[in-house]
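The values are calculated or read from the model by the stated rules, or taken from the named source; none is laboratory data. This is a predicted model, so every value here is computed, not measured. Heads up, the Cβs are rebuilt from the backbone with ideal geometry, glycines too, and the neighbour counts pull from every protein chain shown.
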Amino acid sequence: MSGPPIVYHPDYVAPLPLKHRFPMPKFGLLRDRLLQDGVVTADQIYQPGAPPQAWIEQVHQPEYVQAYCTGTLDAKAQRRIGLPWSPNLVKRTCTAVGGTILTAKLALQHGIACNTAGGTHHAFPAYGSGFCIFNDLAIAARLLLAQGWVQRLLIFDLDVHQGDGTAWIFRDEPRIFTFSMHCEINFPRQKQISDLDVPLAAGLGDEAYLQQVQAYLPDLLSQVKPDLVLYDAGADIHQRDRLGKLALTNTGLYERDHFVLATCAAAGCPVGCVIGGGYDKDMADLVYRHSLLHRAAVAVHRHYRL
């Protein structure tokens with residue numbers, strides 16, 4: 001294989017009502033763009049399956065999992081999620097969780113691996129929130145510990161929104177270090193307490209943002225000594241993101257992702273990536289922003305000969 005593993009499944013795209021603000025088509029278009037631009041080849045793409053329900057229930061309450069999967073979740077809980085229920089959305093949700101689990105395991109084998117979905121960090125054990133139904137990062141982390149793949153993990157969350165569900169789930173788990181750097185005035189209104197939170201002022205641009213990432217990641221790797229980093233590479237820090245409030249350019253996005261992946265590679269630490277949030281009416285621009293993660297992964301994989 002000539003580059004890092006990329007994880008994708010056609011079920012990552014489920015129908016939503018017209019004009020719904022969640023950009024569901026981006027997941028399939030991202031895979032297409034990576035292939036069309038020659039960033040990846042077909043032999044790099046791995047297809048996940050949906051995990052057993054018992055794996056999801058290692059993080060989420062069985063009653064919630066059952067209610068969501070069978071369509072019996074009450075209307076208030078559905079509104080909090082923000083996505084209208086459908087059997088296809090259940091399949092999409094579970095398959096994306098399986099994708100992050102597979103991405104994490106491939107990262108341990110290949111040094112770097114990237115999902116083309118994932119990062120549903122607002123999901124709590126008993127409810128979903130903010131377009132997040134099941135917390136894929138938390139499920140993957142807990143499963144890897146339970147199966148003996150790792151002894152210690154770092155969840156490095158650079159989505160523009162705080163990883164509140166992840167922080168709460170692992171508030172008493174010493175083997176998992178949660179880091180969230182996010183816009184301080186953005187969703188969620190009520191923040192949780194990560195192992196380390198870095199709130200950022202609205203309007204922060206490339207240089208100041210990158211200085212923050214560079215200030216924290218090397219020390220975290222040396223202090224935490226993780227067997228694996230799970231990296232939430234949210235593209236919603238971009239200056240044109242509809243839900244972001246930060247002001248990074250495409251150049252800043254790429255430099256962030258390249259720095260994170262190269263720093264992990266130089267430290268000999270495998271990193272499994274999810275794409276996190278990204279919202280724009282211009283789907284082509286949004287897909288390109290998300291693709292910067294995979295472009296950076298290819299460059300780092302080649303440089304370090306992983």
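If you go through segment 145-166 and keep only what is surrounded by fewer than 24 Cβ atoms within 10 Å (Cβ to Cβ) and hydrophobic (A, V, I, L, M, F, W, C), you end up with 145, 146, 149, 150.
The one condition from (1) closer than 20 Å to residue 192 by Cβ; (2) β-branched (Val, Ile, Thr); (3) outside any loop (DSSP other than H, G, I, E, B) that residue 160 does not meet is (3). One residue stands out in segment 177-195 among those that are in contact with a Ser or Thr (Cβ under 9 Å, 6 or more places away or on another chain) and assigned to a strand (DSSP E or B): the one that is farthest from residue 229 (Cα to Cα), namely 180. One residue alone among 235, 262, 247 is free of Cβ contacts under 8 Å to residues at least 60 places away in the same chain, out of contact with any helix residue (DSSP H, G or I) (no Cβ under 6 Å at 6 or more places or on another chain) and small (Gly, Ala, Ser), and that residue is 247. Scanning segment 23-48 for residues being more than 17 Å from residue 292 (Cα to Cα) and either hydroxyl-bearing (Ser, Thr, Tyr) or in a loop (DSSP other than H, G, I, E, B) (or both) gives a total of 6. Please determine, by comparing only the residues of segment 225-246 that are among the aliphatic types (A, V, I, L, M) and in contact with an Asp or Glu (Cβ under 9 Å, 6 or more places away or on another chain), which one is surrounded by the fewest Cβ atoms within 10 Å (Cβ to Cβ). Looking at the filtered set, the residue picked out is 243. For residue 235, the conditions (1) part of a helix (DSSP H, G or I); (2) hydrophobic (A, V, I, L, M, F, W, C); (3) under 22 Å from residue 100 (Cα atoms) are fulfilled apart from (1).
Within segment 50-80, the only residue that satisfies the criterion of being more than 26 Å from residue 189 (Cα to Cα), among the aliphatic types (A, V, I, L, M) and loosely packed, with under 12 Cβ neighbours inside 10 Å is 54.
Does residue 220 qualify as being in contact with a helix residue (DSSP H, G or I) (Cβ under 6 Å, 6 or more places away or on another chain), in a helix (DSSP H, G or I) and either modelled with pLDDT of 95 or more or at negative phi (or both)? Spelling it out, it is not the case that residue 220 is in contact with a helix residue (DSSP H, G or I) (Cβ under 6 Å, 6 or more places away or on another chain), in a helix (DSSP H, G or I) and either modelled with pLDDT of 95 or more or at negative phi (or both). Kindly indicate whether any position in segment 105-125 is surrounded by 16 or more Cβ atoms within 10 Å (Cβ to Cβ), in a helix (DSSP H, G or I), touching a helix residue (DSSP H, G or I) at 6+ places or on another chain (Cβ under 6 Å) and β-branched (Val, Ile, Thr). For segment 105-125, residues surrounded by 16 or more Cβ atoms within 10 Å (Cβ to Cβ), in a helix (DSSP H, G or I), touching a helix residue (DSSP H, G or I) at 6+ places or on another chain (Cβ under 6 Å) and β-branched (Val, Ile, Thr): absent. Number of residues in segment 202-232 that are polar (S, T, N, Q) and touching a residue at least 12 places away in the same chain (Cβ under 8 Å) equals 3.
Checked against the criterion of being in contact with a strand residue (DSSP E or B) (Cβ under 8 Å, 6 or more places away or on another chain), under 30 Å from residue 305 (Cβ atoms), touching a residue at least 60 places away in the same chain (Cβ under 8 Å) and not charged (D, E, K, R), the candidates 117, 123 yield just one match: 117.
Can you confirm whether segment 247-264 contains a residue that is out of contact with any Lys or Arg (no Cβ under 7 Å at 6 or more places or on another chain), buried (at least 18 other Cβ atoms within 10 Å of the Cβ) and part of a strand (DSSP E or B)? Checked against the condition, which is being out of contact with any Lys or Arg (no Cβ under 7 Å at 6 or more places or on another chain), buried (at least 18 other Cβ atoms within 10 Å of the Cβ) and part of a strand (DSSP E or B), segment 247-264 yields at least one hit. When residues in segment 181-203 are screened for being crowded, with 21+ Cβ neighbours inside 10 Å and farther than 19 Å from residue 125 by Cα, 3 of them pass.
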